[in-house]
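Have a look at the structure below before the remarks.
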Amino acid sequence: MKSGEKLTLEVIIKMKGVIKDAEGQEVLFTGQITDNGLVDSVEVVARGNDTAAPALYPFMVESDVVIHNHPSGVLKPSIQDLKIASDPGNQGIGFYIVNNSVTKIYCVSEAVVSRKKEKLDSEDVCSFLMPGGMLSRAIENYETRDVQVQMTEGVVDAFNNNLINITEAGTGVGKSFAYLVPAVKWCGINNERVVISTATINLQQQLIEKDIPLVTDLIGKNGKSKVKSVLVKGRGNYVCLRRLHDAMEENSLFQEKDGSLKAIYDWSLTSATGSKSDLSFVPDFTVWGAVCSESDSCMGFRCLYKEKCFVMKMKKEAASANLLVVNHHLLFSDLAMRMNGAGYEGTAVLPPFSRVVFDEAHRIENSATSFFSQIYNKFVLYKITGKIFFRRKSGNMGLSVIMQRMMPHPEDYKDIPVLISAVRIAAETLDTNTAFLMDGAYTIRLTVQIDSDLIGPVLDSIRELHKKIVKLITYISDGGEILFSEEEDNSDIFEMKVAMQRLKNVASILNSFPDYGSNEENIFWIEQKKTGKGEVFYSFTNTPLDISDMMKRSVYDPLQTTVFTSATLAVQKKFNFWKGRIGLDRIQEDGVQEFLLDSPFNYRKQVMLGIPDDGPDPGSPDYQSFISSFIVDAVGISEGSALVLFTSYGMLNAIYNELEPLLTTQGLTVMKQGSLDRSRLLSNFNTDISSVLFATDSFWEGVDVPGNSLKLVIICRLPFRVPTDPVIKARIEAIEKKGGNAFMDLSLPEAAMKLKQGFGRLMRKKTDYGIVLILDPRIIRKRYGPILMGTIPSTEKSIGSTKKVLNDMENFLY
C-alpha cells in the first residue's frame, strides 16, 4: 500500500526527515488521525537500532496510531511487532509499519477513530414530550408537564456538552421519559452506548418492559436508527452449565430431598436465558449457590460448555446493544475493574461506555459502600473448605480427593483433612473470643479506645486463623504444583484453584483487622448474627469511610456524561449534603448543572399532613402506647388502605403483635413486612383496600401503590439513623474531627431525605389523595423541625390535639 493512502504529505516528509536524522535506524512515532482517515500529525517518541525501538506505552495509548519503520525495507511484521500491536489494538489504536523512505506502508491493525459526535437538537428532542408530540399520540390521556420538558432540556445539554447533571424530580415529573428520550436519540445518531443504572428491580422492569420499548419504537418510526436495549444482570443470576454438570455427577454433595437440582438441570436443557428469574420455582439458596455462575470460577474459553454458556450469550447481547439497563451494584463491579487496571476502552463486566444515567441516585452512597465492603464469617470459610474436603458415610469426598486420584504421589495431600480441621477449630476459637468481646452487644466498632485485654484475644485469634489458612493454601499449592501447571483445562483442578484464591481473599480480609487502629480510611466492625436455626455467629466487616475518591476516579474523571436523578436528593432546596456524600462537591462548578423540579401534583388540595401535638416524645415510656392507640383510631377512620412506617423492627413487631388481633376483628387485613416476600406482600396490599401494612426500612421507598389501596401513611418516628451504628458512628467522628457539626451535617440531612421518601409513598398519580400522619412531636417541638418540614411538599395541615387531628382526618377523607 502506498503511504499516501494513510498519511498526509506533510507527515510523510516529516517522518522521512526524522528517519534520515536517525541514520536509518528504527524510530517509533505516534500519530493523530483526522476525520478524513489520514494521519495528519506525528510525534517522535523513541529511537532504536536497526532491528528494534522501545515500545513506550504511556505515549502509545494517548494516540490514534503507532507507526515505526523497518530499515530492511521488508514490511512484514515480526512476532514481536504482533505482540506489541495487540494491547493498543484492543484499545482501538492502529499499528502501521513503513519503509525508511516512507513510500510504502503496512497496516497491522486499523485505528478505531471516533467520529465527531452529532449533538442533539434540544427542540427536536423536547417535541416528543410536547402537545401533539409522539408520546402524546402513543399514551392515552398523556399530559405535557413543563418540569418534564425542563429536565429533558438539561439532560440534552449534559449529553451535548459532556456535563454532570443533577436533577431532583418530584413524583409525577416523569423523569424516566425525560432522560430516556435524549439517551435513546443519542444512541441512535451517534451509535454510542449509554448505561442506565437503577437501585431496584421494579424500576429496571418498568424501564426494560415498558418505557424503553415505547421510546425506541417511537424514535424508530421517526426515521432514526433503531436502538437495541438489554437488561444486564449479575452472573449470579445465571446457571453455569459446567458447575451444574459437575453437581449432577456429585449429586451426593447436596443430599437433595426436594429434587431441585434435577429440576434445574431439566430446565437448563430448554431455557433460552439460563436466568434464575425464568425458573418456575424458587430454588434452595444452597443448591443455586453451587450451580450459578461466578466470576472467579469461570473457565472462559477453556470451558467445555462455552458454546452454550448463558453468561456468554448475555455478554454478546450486551455487546451488540447500545442501551444497557443495570443495577448500581453491577455497575460498581464494572467500574471497580476499570479503576483497577481494566481501563475504559474495552469490556470489563460491561462492554465499554462513556455515558451513564443514575436513576434512584439517592442510593448511590449505600450501594457503593456495600459493594466495596469486605466481609468475613466462619460460614464463608466452611463453604470453601467443605468444597475441598468433606466426609460422607460412603467415604471421603471433595476436590482434594479427586485430585489425589490424578496425582503421581497421592500422599502429598494426605494432611488436608487435618489442616482443614485446624482451620475450623481456629475459626470457632475466634467466634468464642469474639463473644466475650461483644458481651451481648449486637455490633461493635474496633477503635483504639477498646480495652486491650478484651480485644487482644480476638486479634490473636484472627492472626492464628490467618496463619492456619495460609498453611493450608501453601500445602495445597505445593502438593498439587504439577497438576496445576499441566492440567489447566481440567474442571476439578480449576475449581481447586478457585478455592485457593477464595482462601487467599479470606486471609487478606482477616489480615486487615489487626491494623484497624492505624487505618483511617476504613471502618472495622463486628456484628452478631444468627442462622436460620438460631445459632449465633459473628460477621467481621471492613467498610470504606468515604466513597468520594472512588467516585471521582471511576465516574467523574473518565466518563463524559453522568446524569444523577431521584425524587429525593435535596435538603432545604440545596444539593450540598448529597453532593458531599459522593464527592461531587470536589468537582468544578462549571462542569455540573443542577435542577430542582417540584412535583406537578396538587399537594395543597389532595394531601393533609396531620401532627398531634399532645403526644409524648419517643424517649418516653408512654410513647408506644400512644402510637398504638393513635394507629387504631386512624386506620379505623380510613377503613384500612394504610401504610404504617417504623424505624425499627423491635417497635414494628411489638405494635403489630398488640394490634393485629384487634384490627382483624374490625374487618381489616393486617400485614407485616417479612411475613411474605416483598413483591407478594405489596401485591396483596395493592389488591385489598381494607388492608394495613406494618413496615420499616426498605418500605420507606420503592412502594408504588396508587389509587384507593393507599390513602393513609403513618410515620411513627422521625427516621434518624441509630447513632450506635458502627458506620454512622465512624462518619460522625470523621465530621467532628474536621470541626463540623455531625448532627447538622449528617444525621439531620439523612433524616430529612428519608422523611421525604416516606412521605412520597402516598401520592403516586395525579388523582391520588390522602393523609400523612407524623406521630413524632419532635418535628414541631425541636429547633430543627422547620428543616424537616421544609423538605416535604406544602399541604393542608392539621397540627393540634389528638382529637383535633382525628376529626380533621375524617372531614378531609369524607
**OP:** Check D334 against each of (1) within 30 Å of R581 (Cα to Cα); (2) open to solvent by 20 Å² or more (accessible area, probe 1.4 Å); (3) modelled with pLDDT of 90 or more; (4) acidic (D, E) and name the one condition it does not meet.
**Re:** (2)
Original post:
Considering only region 100-148, how many residues are outside any loop (DSSP other than H, G, I, E, B), within 26 Å of N161 (Cβ to Cβ) and either basic (K, R) or touching a helix residue (DSSP H, G or I) at 6+ places or on another chain (Cβ under 7 Å) (or both)?
Top reply: 6
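Quick one: which of K782, K766 is over 23 Å from V635 (Cβ atoms) and modelled with pLDDT of 95 or more? Working first, answer last.
Working: K766 fails: modelled with pLDDT of 95 or more.
Within the list K782, K766, the selection yields K782.
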Original post:
Looking only at residues in region 598-622 that are over 38 Å from the mean Cα position of the chain (by Cα) and either of a type in the set (G, A, S) or buried (at least 19 other Cβ atoms within 10 Å of the Cβ) (or both), which one is nearest to M151 (Cα to Cα)?
Top reply: P612
**OP:** Have a look at K497, K552 and point out the one that is out of contact with any Cys (no Cβ under 7 Å at 6 or more places or on another chain), of a type in the set (K, R) and under 30 Å from V401 (Cα atoms).
**Re:** K497
Original post:
Somewhere in region 430-444, is a residue among the aromatic types (F, W, Y), open to solvent by less than 70 Å² (accessible area, probe 1.4 Å) and either outside any helix (DSSP H, G or I) or closer than 22 Å to K497 by Cβ (or both)?
Top reply: no
Original post:
Looking at region 557-571, which of the residues that are hydrophobic (A, V, I, L, M, F, W, C) and out of contact with any Leu (no Cβ under 7 Å at 6 or more places or on another chain) is surrounded by the most Cβ atoms within 10 Å (Cβ to Cβ)?
Top reply: V563
**OP:** Please list, ordered by first then second residue, the pairs with beta carbon atoms under 9 Å, 6 or more apart or interchain, first in region 802-814 and closer than 20 Å to S625 by Cβ and in contact (Cβ under 8 Å) with a residue 24 or more places away in the chain, second surrounded by fewer than 14 Cβ atoms within 10 Å (Cβ to Cβ) and of a type in the set (G, A, S).
**Re:** T802/S629
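For residues that are hydrophobic (A, V, I, L, M, F, W, C) and either open to solvent by 10 Å² or more (accessible area, probe 1.4 Å) or within 17 Å of T568 (Cα to Cα) (or both), tally how many sit in region 138-182.
The total comes to 12.
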Original post:
Only one of these conditions is not met by D489: (1) of a type outside the set (A, V, I, L, M, F, W, C); (2) open to solvent by less than 20 Å² (accessible area, probe 1.4 Å); (3) at pLDDT below 95. Which number is it?
Top reply: (2)
Original post:
Among S554, S548, S508, which is the only one that is of a type outside the set (D, E, K, R) and either touching a strand residue (DSSP E or B) at 6+ places or on another chain (Cβ under 8 Å) or surrounded by fewer than 19 Cβ atoms within 10 Å (Cβ to Cβ) (or both)?
Top reply: S508
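Looking at region 693-708 only, could you name the residues that are touching a Ser or Thr at 6+ places or on another chain (Cβ under 7 Å) and buried (at least 21 other Cβ atoms within 10 Å of the Cβ)? So that I can check it myself, show each step before the final result.
Filtering region 693-708 for residues touching a Ser or Thr at 6+ places or on another chain (Cβ under 7 Å) gives 696, 702, 708.
Residue satisfying the conditions is T696 alone.
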Original post:
When you scan region 183-221, how many residues do you find that are buried (at least 23 other Cβ atoms within 10 Å of the Cβ) and out of contact with any helix residue (DSSP H, G or I) (no Cβ under 7 Å at 6 or more places or on another chain)?
Top reply: 2
Subject >> Enumeration of residues in region 12-68 that are open to solvent by 40 Å² or more (accessible area, probe 1.4 Å), farther than 30 Å from K116 by Cα and among the β-branched types (V, I, T) >> reply: T51
Original post:
Quick check: anything in region 3-24 in contact with a Cys (Cβ under 8 Å, 6 or more places away or on another chain) and not hydrophobic (A, V, I, L, M, F, W, C)?
Top reply: yes
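The values are calculated or read from the model by the stated rules, or taken from the named source; none is laboratory data. All of these numbers come straight from a predicted model, not from anything done at the bench. Cβ sites come from the backbone with ideal geometry, for glycine too, and all protein chains shown count toward neighbours. These accessible areas exclude ligands, DNA and RNA; they are computed on the full protein's heavy atoms, side chains included. Shrake-Rupley method; radii C 1.70, N 1.55, O 1.52, S 1.80 Å.
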